[in-house]
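Chemist: I'd like to ask you about the structure that follows.
Computed from the coordinates by the stated procedures, all read-outs in this text should not be read as laboratory data. Keep in mind it's a predicted model, so treat the numbers as computed, not measured. Here Cβ is always computed from backbone atoms with ideal geometry, including for glycine, and neighbour counts include all displayed protein chains.
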Amino acid sequence: MLNKLRILIASPASAASNNGNWQTAQRWAHFLKPQYHVEIARGWDRASNPPDLLIALHARRCADSVAACAAAGRPCILVLTGTDLYRDIRHDDDARRSLQLAQHLVLLQEAGLAELPAGLRARSAVIYQSAPALPPLPSDDGGINVAMIGHLRAEKDPVTFMRAAELASAPRLHFTQVGGALEEALAQQARLTEARCPAYRWLGNLPHADTRELLRRSQLLVVPSLMEGGANVIIEAVTSGIPVLASDISGNRGMLGAGYGGYFPVGDAAALAGLIDRFATDPAFAQGLTVECARRAPLFAPEREQAAVLRLVDNALTSHRTSS
């Protein structure tokens, strides 16, 4: 029996962090394990044997692994995150070097291609992430549950969600924030919002399965981020029939479509509150968002992502063998 080729997925996030990068690493490992020997680690230790292929899930934070892989003459697939695309590749030398060294670049939504130098687009592919379709569940009291899911850090702009919770005025609204506080100032803001706004609660970090169940019992997801590579939580909402309100940024437009009706200006809590109130009081608007999201759902099917990942990995290994 032939030995399986070895693939290392370098993820700066761990299971304990429970963020989008870790979910991507775990899902891709599941897709690849029937055909390959797959490991997930923080990076490649130069002292160990080089993998047959490296999949790196961050240009800047995995820069040493990408460079070591190139020096060892092994192929690399680099998956670009939101901070890579919309910040680091503009200013950070390590991130820029990773772009040049990786043989294949992956973006998690189509609008990200515009952020890359023209010369890199020929070796770039868009692979939408996926989630199994789970039907929505009714709210416990017939109210409208509005959720934001993501660790409390500046890039996610959780304060805009908190302020919108205080500004929204429609009846029967409940606001739930899920995610660990990576910045103490944001934790303090969440606690202050809880004290001032009875409709708002912050649950902290939850296991992924519990978070998805909470999302299924929500009627609306809010994604107010300053930057996103391709928010996995949008996929989980759309594949459960939950409509989304999102900040008008490239990463969200690439997920929901340029003409989507649920965008609001970045950081504009009043505009977000207005859309939430409209969703709660205007059935035609709410139904319109639901229909628009349903049209995007086929992009996020697990079988589609799995086929794309396997095709990319197979091509990367074949191209390396033929060029060696």
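Chemist: Normalised by the residues of the chain, what does the relative contact order come to in percent, with Cα pairs under 8 Å and at least six apart?
Modeler: Taking the mean separation of contacting Cα pairs over the length of the chain, I get 17 percent.
Chemist: What is the dipole size for the chain, taken about its Cα centre, with +1 at each Lys and Arg Cβ and -1 at each Asp and Glu Cβ, in debye to the nearest 20?
Modeler: 740 debye
Chemist: What FRET efficiency, computed as 1/(1 + (r/R0)^6) with R0 = 35 Å and r the Cβ-Cβ distance, is obtained for residue 187 and residue 303, rounded to the nearest 0.05?
Modeler: My answer for the efficiency is 0.35.
Chemist: Rg and Dmax of segment 1-112 over Cα atoms: what are they, in angstrom?
Modeler: 13.5, 48
Chemist: Let me ask you something else. Dimensions of segment 199-305 along principal axes (Cα, Å, largest first)?
Modeler: Its Cα atoms span 38, 33, 28 Å along the three principal axes.
Chemist: Alpha carbon centre of segment 31-51 versus segment 258-324: separation in Å?
Modeler: The two parts, judged by their Cα centres, are 29 Å apart.
Chemist: Run the quick spin-label model on residue 6 and residue 285: label points 7 Å from Cα toward the beta carbon, then report their separation in nm to one decimal.
Modeler: It works out to 5.7 nm between the two label points.
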